[in-house]
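The values are calculated or read from the model by the stated rules, or taken from the named source; none is laboratory data. All of these numbers come straight from a predicted model, not from anything done at the bench. Here Cβ is always computed from backbone atoms with ideal geometry, including for glycine, and neighbour counts include all displayed protein chains. All accessible areas refer to the heavy atoms of the entire protein, side chains included, with ligands and DNA or RNA removed. Shrake-Rupley method; radii C 1.70, N 1.55, O 1.52, S 1.80 Å.
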Amino acid sequence: MNNIEKLVRKNVQTLVPYQSARRLGGTGNTWLNANEFPVPVLFNLLHQQMNRYPECQPRLMIERYAKYAHLDSNQILATRGADEAIELIMKTFCDPGKDLILFCPPTYGMYKVSAETIGINYITVPTVDNWKLNLTAIAKNLDNVKVIYICNPNNPTGNIVDLQDIYYLLDITYGRAIIVVDEAYIEFCIKANLVKLLKNYKHLIILRTLSKAFALAGLRCGFILADNKIINLLLKVITPYPIAIPVSDIATQALSQKNIILMHNNVKQLNKNKEWFTQQLRKCHCVEKVFLSESNYVLVRFKNSSKVFENLCDQGIILRDQNNNLGLSQCLRISIGTLKECEYVISALKDLSQESI
Ligand SMILES: *Cc1c(COP(=O)(O)O)cnc(C)c1O
């Protein structure tokens, strides 16, 4: 007995890790459970020398992202994916055991898991009808809250948060808390981005990633957009070398003007596929409701979601079960794949519908 179990922190002992799509695994050929872009964009490594440590914040990559986001370079911080950003903000602003973070389920799972991992308590304020923020309840529960995480568009529901509600949140938290808006999917509804608010709201942080619309989930590269004061605070806490040389090499290429246009075209095509897919889903008998999505996935309520999940799984189609997310019983989340993949799912669901479930 070497007592390792006893040495581990209490909150790690009880921690339920994030059930990432890759950890959940499965076997199949149609992967629609992680909101990845369905087709790869190919790059070559240009920087072959790696005997030296990388720049903490690779200059050209940061400049290109700043240009893409219409901000100054000093308002950008690169992270190892948006997931690292979520945790970095907690580490910077929250005292473990004292300060709280707040989020509004059903939403992305990592806000909770990150808080639990580093021992920060959280408070949840569930959304109300059609996933609207419960502003009254949020306003009443701000004691000790340092950071509020808002996912926009929201994963897994796909809706956009009302701009008026964001303004209200920014007003009631002024001088007392940070508002983090997670824009991981913003390229699929680019008009909803909140970058223009950064000028007047110095306690706003926006999260971005190359994992979704840029088709680079395997690269692990994200960005924090905020006032330079916040960026400098986060820079004190971030690891010394978060961005490996191959990462900035490829990210810099992905952020060239040519590749940004390519990304926008890919997004247009995906949004078209989503429209077709949504219409077809509505015609399936096994489907109860398809929620409108501004993102690259749709949330679907089925009459019998476990039967659909298992049956499609048997055909190699991997979806994301949402039954454990608040208010999402009988719901599955389906990433928008290629048109061919969308057609494959619809034909599988039609077969199922004939079995009358
Ligand atoms: C995918 C996702 C992330 C994580 O992005 P990475 O950059 O791959 O870490 C963050 N937030 C939301 C809402 C996501 O869906």
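Kindly report the accessible area of the chain per residue (heavy atoms of protein chains, probe 1.4 Å, no ligands, DNA or RNA), in Å².
Value for the chain: 49 Å² per residue.
Kindly identify segment 53-176 as rounded, prolate or oblate by the Cα gyration tensor criterion: order the square roots of the eigenvalues as a ≥ b ≥ c, call it rounded if a/c is under 1.5, otherwise compare a/b with b/c, prolate if a/b is larger, else oblate. Write out the running numbers ahead of the final one.
Working: a/c = 1.87, a/b = 1.43, b/c = 1.31.
Here segment 53-176 falls in the prolate category.
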Cα extents of segment 59-256 per principal axis, largest first, Å, are 46, 34, 30
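Quick check on the chain: helices-only [θ] at 222 nm, where DSSP H runs of length 4 and up contribute -39,500 (n - 2.57) each and the sum goes over total residues. Nearest 500, please.
Helix-only estimate at 222 nm: -11000 deg cm²/dmol.
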Between THR27 and GLU343, what is the label-to-label distance in nm when each label sits 7 Å out along the Cα-to-Cβ direction?
-> 2.7 nm
Protection proxy ranking of 212-224, 279-291 - average other beta-carbon atoms within 10 Å, highest first | 212-224, 279-291
Length-normalised contact order for segment 59-256 - Cα pairs under 8 Å, 6+ apart - percent = 26 percent
Note, ³J(HN,Hα) from phi for segment 221-227, Karplus 6.51, -1.76, 1.60, rounded to Hz, x at Gly and Pro = 9, x, 9, 9, 10, 6, 4
Calculated FRET value between ILE172 and ARG301, using beta carbons and R₀ = 35 Å, to 0.05 | 0.60
Between LYS98 and HIS285, how many nm apart are label points set 7 Å from Cα along the C-beta direction?
-> 6.2 nm
Does segment 171-265 come out rounded, prolate or oblate by the C-alpha gyration tensor, with a ≥ b ≥ c the root eigenvalues, rounded set by a/c under 1.5 and, if not, prolate when a/b is larger than b/c and oblate if not?
-> oblate
Spin-label zone in segment 297-321 - amide nitrogen under 17 Å from a point set 7 Å from the Cα of ASP351 along the C-beta vector = 307-319
Tell me which residues come under 5 Å, amide H to amide H, from ASP182 once H is placed; ignore anything under 5 positions away on its chain.
-> ILE150, CYS151, ASN152, LEU207
Tally the DSSP beta bridges in the chain and give the antiparallel ones as a percent, rounded to 5.
-> 50 percent
Length-normalised contact order of the chain, Cα under 8 Å, at least 6 apart, in percent, tallies to 23 percent
Do you know the relative contact order of segment 201-265, to the nearest whole percent, from alpha carbon pairs under 8 angstrom that are 6+ apart?
-> 28 percent
How are the C-alpha pair distances of the chain spread across 10 Å bins, as whole percents from the shortest bin up?
-> 5, 24, 32, 26, 12, 2, 0
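For GLN49 and TYR18, what does the FRET efficiency come to when R0 = 45 Å and r is the distance between their Cβ atoms, rounded to the nearest 0.05?
Given R0 = 45 Å and the Cβ-Cβ separation, E is 0.80.
Can you give the Kirkwood hydrodynamic radius for segment 5-95, in Å, rounded to one decimal and based on Cα pairs? Walk me through the intermediate numbers first.
On the way: mean 1/r = 0.0560 Å⁻¹.
Taking the inverse mean of 1/r over all distinct Cα pairs, segment 5-95 comes out at 17.9 Å.
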Scan segment 43-132 for GluC sites (Glu not before Pro) in coil per DSSP, keeping those whose Cβ has at most 16 other Cβ atoms within 10 Å, and list them by number.
-> GLU55
How would you rank 200-207, 126-133, 165-172, highest first, on the average number of other Cβ atoms within 10 Å across their residues?
-> 200-207, 165-172, 126-133
Each residue of segment 187-204 in turn: what ³J(HN,Hα) in whole Hz from Karplus with 6.51, -1.76, 1.60 and θ = phi - 60°, glycine and Pro shown as x?
-> 4, 7, 8, 4, 5, 7, 5, 10, 3, 5, 7, 4, 4, 9, 10, 7, 9, 9
Carbon/sulfur fraction of accessible area - segment 199-352, other protein chains in place, 1.4 Å, % | 52 percent
Inter-part gap, Cα centre of segment 54-82 to Cα centre of segment 276-345, in whole angstrom, is 35 Å
Relative to the compact-globule scaling 2.2 N^0.38 Å, provide the ratio for the alpha-carbon radius of gyration of segment 226-357.
-> 1.41
So, in nm, how far is label ASP72 from label GLN269 when the simple model puts each one 7 Å beyond its Cα toward the Cβ?
-> 3.9 nm
Show LYS307, LYS199 ordered by accessible area, largest first, where the area counts protein heavy atoms only and the probe is 1.4 Å.
-> LYS199, LYS307
